[in-house]
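**Student:** Just passing along the structure, written as structure tokens.
The values are calculated or read from the model by the stated rules, or taken from the named source; none is laboratory data. Computed from a predicted model, the values in this text were never measured in an experiment. Glycine also receives a Cβ, built like all others from the backbone with ideal geometry; neighbour counts cover every protein chain displayed.
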């Protein structure tokens, strides 16, 4: 069987991220390796690596060596995941399954049972801690994005530190809310640090934002990493308006859960200029962190990487 194509590799990364908290890797009766064994694919599950590393290896092994068992195994993961996540108080949502179905199409698989209307209608929608369900976010209007962009540029040009800090708090609230990410309460100013959170499909992001003259470094990110590791469904987003130093790359050593990403002021501006959507930015940054264990890559560099991949694919065609 030939190596995975670029599309299949992309699908494996997306599936790994989506299914990460569907089942534990150990310490329970029903685990990833248990489901694999039940469907005749136990040898596809690697023993030894961390759960974060094992899941993509397992999925690649299934696609390359057990394609005939792929759908049954994935169905088993979903069925057991629905039970497991329900017990954990973080139920699998309709959005989770619809996203799962979309990813499977990239590797030319389709599980009819997961398209059943009665099944999908019986799943909860994404729900926040208040019990309020949310529809997929509406497209942000051109006037709203223009207003946010102008506010951010005004902040960047503001020489008064106190005025800039006070204005950053409501800006971040509006930035996330306008993009349909439902920030919870207002971000709280604590000196030069802002804390908050927002909902994203399948998880909650804890946020810290700082605006210092110097780029953020390793020690700046460590506290947020610790907070984000307290549950399987939380992740951390560290916003450093003036970027990150090279030392920040040491925050997530290989083997630790890749649950922390960074965003710079330049990244925010590219989103406000609509060169990136917020969802694509979060997804691609999470993928980079999962693959490299480094919490930050700029959206500009991600754009260059995508352009290089596209050029290589065109040359192959």
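**Student:** So is residue 23 in contact (Cβ under 8 Å) with a residue 60 or more places away in the chain and more than 26 Å from residue 203 (Cα to Cα) or not?
**Tutor:** no
**Student:** Residues in the range 62-81 that are surrounded by fewer than 17 Cβ atoms within 10 Å (Cβ to Cβ) and within 19 Å of residue 14 (Cβ to Cβ): how many?
**Tutor:** The qualifying residues number 3.
**Student:** Identify all residues within the range 128-169 that are exposed (fewer than 15 other Cβ atoms within 10 Å of the Cβ), assigned to a helix (DSSP H, G or I) and at pLDDT 85 or above; write none if there are none.
**Tutor:** Matches in the range 128-169: 143, 144, 146, 147, 150, 153, 154, 156, 157.
Here's the yes/no breakdown for (1) more than 18 Å from the chain's Cα centre (by Cα); (2) at pLDDT 80 or above; (3) under 22 Å from residue 213 (Cα atoms):
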position	(1), (2), (3)
237	no, yes, yes
241	yes, yes, yes
245	yes, yes, yes
258	no, no, no
261	no, yes, yes
278	no, yes, no
281	no, yes, no
287	no, yes, no
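**Student:** If you don't mind, another one. Go through the range 294-317 and give me each residue that's surrounded by fewer than 20 Cβ atoms within 10 Å (Cβ to Cβ), part of a loop (DSSP other than H, G, I, E, B) and in contact (Cβ under 8 Å) with a residue 24 or more places away in the chain.
**Tutor:** Within the range 294-317, 294, 298 qualify.
**Student:** Now a separate question. Inspect all residues belonging to the range 76-90 and state whether any of them is within 21 Å of residue 282 (Cα to Cα), modelled with pLDDT under 95 and not assigned by TED's automatic domain parsing to the domain that holds residue 282.
**Tutor:** Within the range 76-90, one or more residues are within 21 Å of residue 282 (Cα to Cα), modelled with pLDDT under 95 and not assigned by TED's automatic domain parsing to the domain that holds residue 282.
**Student:** Inspect the range 202-224 for any residue being surrounded by 15 or more Cβ atoms within 10 Å (Cβ to Cβ), modelled with pLDDT under 80 and either under 27 Å from residue 160 (Cβ atoms) or in contact with a helix residue (DSSP H, G or I) (Cβ under 8 Å, 6 or more places away or on another chain) (or both) and give the result as yes or no.
**Tutor:** Yes.
**Student:** Another question, then. Looking at residue 95, is it assigned to a helix (DSSP H, G or I), in contact with a strand residue (DSSP E or B) (Cβ under 7 Å, 6 or more places away or on another chain) and assigned by TED's automatic domain parsing to the domain that holds residue 14?
**Tutor:** For residue 95, the condition - assigned to a helix (DSSP H, G or I), in contact with a strand residue (DSSP E or B) (Cβ under 7 Å, 6 or more places away or on another chain) and assigned by TED's automatic domain parsing to the domain that holds residue 14 - is met.
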